[in-house]
Amino acid sequence: MKKQLFIYIAAGLLASSCGDKFLDVDPTDRFTNDTYWKTREHAEAALTATYAALLEDGLYGSNTPVMYETASPNAYNYNNSGGFNNLAQGVHDAANTAAVNNTWRNAYLGIGRANTLLARIDGVTMDETLKKRFKAEAKFLRAVFYFPLWNLYNGAPLILQEPDFAKHATLPRNSAASLQTQILQDLSEAAADLPLSYTGTDKGRAPKAPHWPSRPGYCCTAADGRKLLMPPKR
């Protein structure tokens, strides 16, 4: 009995001496934003994850590009998959058309990943030239993710910070003009540090077109005919 009492007392003293620090430890089975952003490999993996968001449903993956054709006279959706027939008939809303939700949700998935990289990469120890290129790729991708929000929704919340649900969940919509300005700014800034081409395993990353942005021209066209006009190089 005395032995058990001694063990209980010793355990109590140990716990009280540790205080809150006894449970204040970093997770060992996963990364957090505070423990992740340390090396070039971390930054590159985060950028790869940003590219991967392009393949999400409602954006440029699966059969989405073809399905959007069924909202036009170019094709027909026999089973109303994703609610694209609702789009064609003009009776769509967030409740009856999965495509509306998928595009919105996954565009912000990619935007959030790009924003996180841009917010965190300056703290990573790596080659500065490569860091600039990673930033340029992230800005290019952010513009690509904002394009369907400008194109299909004619305005959406413009978020340029890493995800914060408490702050971003109830943001009002920005105008389509605001999105257009940001898309063009991201593309222009990205062009400064993107290469014309890649080699080896880097093939497939965002390059800079040979003429971009040396002269103005239409780079994107919306569903309703609105055009993104790429400004000339200053």
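The values are calculated or read from the model by the stated rules, or taken from the named source; none is laboratory data. Values in this document were obtained by computation on a predicted structure and should not be read as measured data. Positions of Cβ are backbone-derived with ideal geometry, glycine not excepted, and every protein chain shown enters the neighbour counts.
So the values come out like this:
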read-out: Residue count, the range 148-203 (criterion: among the basic types (Lys, Arg) and either part of a helix (DSSP H, G or I) or farther than 23 Å from Ala99 by Cα (or both)); value: 2
read-out: Pick from the range 73-104, criterion of a type in the set (A, V, I, L, M, F, W, C), over 13 Å from Leu152 (Cβ atoms) and not in a loop (DSSP other than H, G, I, E, B), ranking: modelled with the lowest pLDDT; value: Ala88
read-out: Only one of Asn101, Asn96, Asn154, Asn106 that is in contact (Cβ under 8 Å) with a residue 12 or more places away in the chain and crowded, with 18+ Cβ neighbours inside 10 Å; value: Asn106
read-out: Among residues of the range 188-222, those that are modelled with pLDDT under 65, surrounded by 13 or more Cβ atoms within 10 Å (Cβ to Cβ) and within 29 Å of Ser72 (Cβ to Cβ), counted; value: 5
read-out: Where Leu149 falls short, out of the listed (1) at pLDDT 95 or above; (2) over 12 Å from the mean Cα position of the chain (by Cα); (3) surrounded by 19 or more Cβ atoms within 10 Å (Cβ to Cβ); value: (1)
read-out: Unmet requirement for Lys131, which otherwise passes all of (1) in a loop (DSSP other than H, G, I, E, B); (2) touching a helix residue (DSSP H, G or I) at 6+ places or on another chain (Cβ under 8 Å); value: (1)
read-out: Conditions (1) under 11 Å from Asp186 (Cβ atoms); (2) modelled with pLDDT of 95 or more; (3) surrounded by fewer than 21 Cβ atoms within 10 Å (Cβ to Cβ): number failed by Ile121; value: (1)
